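A.B. asks: Just passing along the structure, written as structure tokens.
The values are calculated or read from the model by the stated rules, or taken from the named source; none is laboratory data. Every value quoted in this text rests on a predicted model; they were computed, and no experiment measured them. Quick reminder, even Gly has a Cβ in these numbers, built from the backbone with ideal geometry, and neighbours come from all protein chains shown.
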Amino acid sequence: MGRIPRDYLINRLVTLVLTILIAATIIWIIPRLSPVDPAEIALGRMAAGAGSVANSEEILAQLRANMGIDQPLIVQYFKFITGALTFDFGLSTAAFPTPVSTLILNALPWTLGLMILSLLITFFIGNLLGALMVWDRSPKLVKVAIPAAMVFTSIPPILSGLLLMWIFAAKLQWFPLTGAYSIFVEPGWTWEFVKSVLHHGFLPALSIVVVTFGFWALGMRGLMIGVQGEDYVKLAEAKGLLPRYILYRYMIRNAILPQITAFALKIGLLIAGQVLVERIFAYNGMGKLLYDAILNQDFPVIQGVSFVIILITALSVFLVDLLYPFIDPRIRHEVA
Amino acid sequence: MTSQDNMPMTRAEKRQARRIRRFDNPWMNPKLTWGVAILLGIVAIGIIGRFVWNLDLVFTGSAPLKLPPLGAENLRGQPGVMEYPLGTDGAGRDMLALIIVGAPNTLFVGLLASLIGMSIGIFLGFSAGFIGGRVDDVIRVGADVMITIPPLLILVVFQSAFGDVTLTMMALLIAGFVWQSPTRLIRAQVLSMKQSGYVQMAQLSGASTTHIMFREMLPNLVPYLFGSFIASVTTSIVTAVGLEVLGLGPQRIPTLGRTIYEAINAGALIQNLWWWWGIPTLLLGVMFIGLLLINLGLDEVSNPRLRKLS
């Protein structure tokens, strides 16, 4: 077990706190720079609903007071930061008066579930295939087929999602086109509901898996090439250990560790990709919430969703950085 | 490995050996060549298309609605016609014209954003590596912080606050998020190169800092710089397409992502208008594959150990 040096921990913590603060600040500043007045958007929505609005000046002033945008900027800023840190992003303007945090809490489990599931699958498949590419005993087919399949790595999941959606949902109708569960099933811990969720989640997960496993496979290939020539592998071969045993216990075990840090660098892109997949499948997660908010110009929701996703990313990176010395005791942290 | 040395060469190995003899230059590897060819092909569509095709067909209502490509038939039983060889979309725009205008636009955003991002990265990376101290601390922490923030989400906030943007504006915005990895990469390389013999030799012989930076170090960084550049082109295009698919990005300029957005919103998947979303999707896919091939090819240039394995 490695121990985390205090300097390293402080360094990582500072980065984490700075990331969160800077993200919150950017998210807060951007709308202030914009000429668009949120109070006028809200008034416009009222006018669109009612046909006309009397006393519009007074309503505008009241709306501004409600949104807190009549206060000095510095007060607004601290209110926003403290609000963001306590997950209080105000009320949604489109689904008034639902708090933004409630909307996010409803969407978050779907996003996290889909993300963790597809991540575990890709990590497993990708690393195994990457290792097999280098292993000199793997069948010929593997060495030819995987590089060909690797071409898909470069494609963002939204494109694979569209293609899979068309083939398996629109044409073959094996899977539902949109949604996270069937509208005919009552949500709850029943078998019917779980089945429906799995049925609906299959295509979104598959579209992420198809295009991300290659990233891990490529990384693993590079790492395996490094491990292949190591003395301990040669010794294991000389000892006459089973080749399969050497592959799993000696080569993959050692090569896989840096892959976990690669995850930290990749997670931002993964989440952004998934947001888009959720949008095209109208999957009940953060992606759909964000898209609906963009359509409705629901600013508190856009800010809230963006902040929460950035927070998840930053926390994951932080955790990976901290857990790494425990997984690989050879690593010594330097504060360089 | 050693046991295979005495064995006669397989056909693949012979072919590999012949290829190595013929193209001793690592820059001429087939992946790189193919990747560059694919991208040049897309650029060529954009350039040649401008001369041979009527670009007014990108305007809404300039063509019949929902015509299929040549050789296909739509739900109403209409066959494709020569005037609109790739079909038309639900708003009466010619798909071929959309691609001729849209594909270079998409590529342009990616290239411009990465060029700016790379320049910032080279500048900051060299500054951090060379000056060190406080400057290094600030740049390093800055890059560490910004690398965790997914560009898509900040840009979503930005564009929903500001509304319509131009292509250049979008590229500039994306550039603000693709300088981090080049900065880190170059900083790390500069730090390790500073210790190497030839740089110390140059320092001993009294070469100026700029000479060391640009004449001694930069040429050795070229494969990494290209690799990093291509990676950020991919990131930029993915981000741009992501924004466009969410309905943001330039509203009146045809781009591949915007076309997909309109197709999804019009229910093209259910109506079996596969050419509407399929052609831009395919083209984007080809573009990304081209970029990937270039990146793999560049990997072989900078990491000779990969060459014999491919």
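A.B. asks: Quick check, is B:Ser119 part of a helix (DSSP H, G or I), modelled with pLDDT of 90 or more and either touching a strand residue (DSSP E or B) at 6+ places or on another chain (Cβ under 6 Å) or buried (at least 23 other Cβ atoms within 10 Å of the Cβ) (or both)?
C.D. replies: no
A.B. asks: So the check is Cβ under 8 Å with 6+ separation or different chains; which pairs have a first residue in the stretch B:197-208 that's under 18 Å from B:Asn220 (Cα atoms) and a second one that's acidic (Asp, Glu) and in a helix (DSSP H, G or I)?
C.D. replies: B:Tyr198/B:Glu216; B:Val199/B:Glu216; B:Ala202/B:Glu216; B:Ala207/B:Glu216
A.B. asks: Examine the stretch B:186-202 for a residue that is in a loop (DSSP other than H, G, I, E, B) and either of a type outside the set (S, T, N, Q) or away from chain A (no Cβ under 14 Å) (or both), and state whether such a residue exists.
C.D. replies: Scanning the stretch B:186-202, I find at least one residue that is in a loop (DSSP other than H, G, I, E, B) and either of a type outside the set (S, T, N, Q) or away from chain A (no Cβ under 14 Å) (or both), so the answer is yes.
A.B. asks: Moving on to the next point. If we only count helices (runs of 4 or more DSSP H) wholly inside the stretch A:68-170, which ones have 3 or more residues that are within 14 Å of another protein chain (Cβ to nearest Cβ) and buried (at least 16 other Cβ atoms within 10 Å of the Cβ)?
C.D. replies: By residue number, A:100-134, A:140-149, A:157-164.
A.B. asks: Of the numbered conditions (1) part of a helix (DSSP H, G or I); (2) on the phi > 0 side of the Ramachandran plot, A:Lys195 satisfies every one except a single condition; which is it?
C.D. replies: The number of the failed condition is (2).
A.B. asks: Do we have B:Gly176 as more than 8 Å from chain A (Cβ to nearest Cβ) and small (Gly, Ala, Ser) here?
C.D. replies: Yes: the conditions hold for B:Gly176.
A.B. asks: In this structure, does B:Val109 turn out to be touching a helix residue (DSSP H, G or I) at 6+ places or on another chain (Cβ under 8 Å), of a type outside the set (S, T, N, Q), surrounded by fewer than 17 Cβ atoms within 10 Å (Cβ to Cβ) and at pLDDT 90 or above?
C.D. replies: The answer is no for B:Val109.
A.B. asks: When you scan the stretch A:23-33, do you find a residue that is away from every other protein chain (no Cβ under 13 Å) and either closer than 30 Å to A:Pro325 by Cβ or under 35 Å from the mean Cα position of the chain (by Cα) (or both), even just one?
C.D. replies: No, the conditions are met nowhere in the stretch A:23-33.
A.B. asks: Only one of these is outside any helix (DSSP H, G or I), more than 11 Å from chain B (Cβ to nearest Cβ) and in contact (Cβ under 8 Å) with a residue 12 or more places away in the chain: A:Pro204, A:Pro176, A:Pro187. Name it.
C.D. replies: A:Pro176
A.B. asks: Something else: Could you look through the stretch A:260-313, keep only residues that are small (Gly, Ala, Ser) and assigned to a loop (DSSP other than H, G, I, E, B), and pick out the one that is farthest from the other protein chains (Cβ to nearest Cβ)?
C.D. replies: Selected residue: A:Gly285.
A.B. asks: Being assigned to a helix (DSSP H, G or I), surrounded by fewer than 24 Cβ atoms within 10 Å (Cβ to Cβ), touching a residue at least 40 places away in the same chain (Cβ under 8 Å) and within 9 Å of chain B (Cβ to nearest Cβ) is true for just one of A:Phe326, A:Phe318. Which residue is that?
C.D. replies: After applying the criteria, what remains is A:Phe318.
A.B. asks: Can you tell me which residue among A:Ala39, A:Ala24 is in a helix (DSSP H, G or I) and more than 13 Å from A:Gln303 (Cβ to Cβ)?
C.D. replies: A:Ala39
A.B. asks: Still on this model: Only residues in the stretch B:147-165 that are at the interface with chain A (Cβ under 7 Å from one of its Cβ atoms) count as the first member; pair them with residues that are among the hydroxyl-bearing types (Ser, Thr, Tyr) and not in a helix (DSSP H, G or I), Cβ under 7 angstrom, at least 6 apart or cross-chain, and list the lot.
C.D. replies: Between residues of the stretch B:147-165 that are at the interface with chain A (Cβ under 7 Å from one of its Cβ atoms) and residues that are among the hydroxyl-bearing types (Ser, Thr, Tyr) and not in a helix (DSSP H, G or I), the close pairs are B:Ala161/A:Ser34; B:Phe162/A:Ser34.
A.B. asks: Shifting gears a bit: Out of the stretch B:245-273, which residues are buried (at least 23 other Cβ atoms within 10 Å of the Cβ) and under 16 Å from B:Leu67 (Cβ atoms)?
C.D. replies: B:Thr259, B:Ala263, B:Ala268, B:Leu273
A.B. asks: Is it the case that B:Ile294 is buried (at least 19 other Cβ atoms within 10 Å of the Cβ), touching a Gly at 6+ places or on another chain (Cβ under 6 Å) and closer than 21 Å to B:Pro182 by Cβ?
C.D. replies: Yes, satisfied.
A.B. asks: Also: Could you tell me whether A:Ala65 is in contact with a helix residue (DSSP H, G or I) (Cβ under 6 Å, 6 or more places away or on another chain) and either free of Cβ contacts under 8 Å to residues at least 24 places away in the same chain or away from chain B (no Cβ under 14 Å) (or both)?
C.D. replies: no
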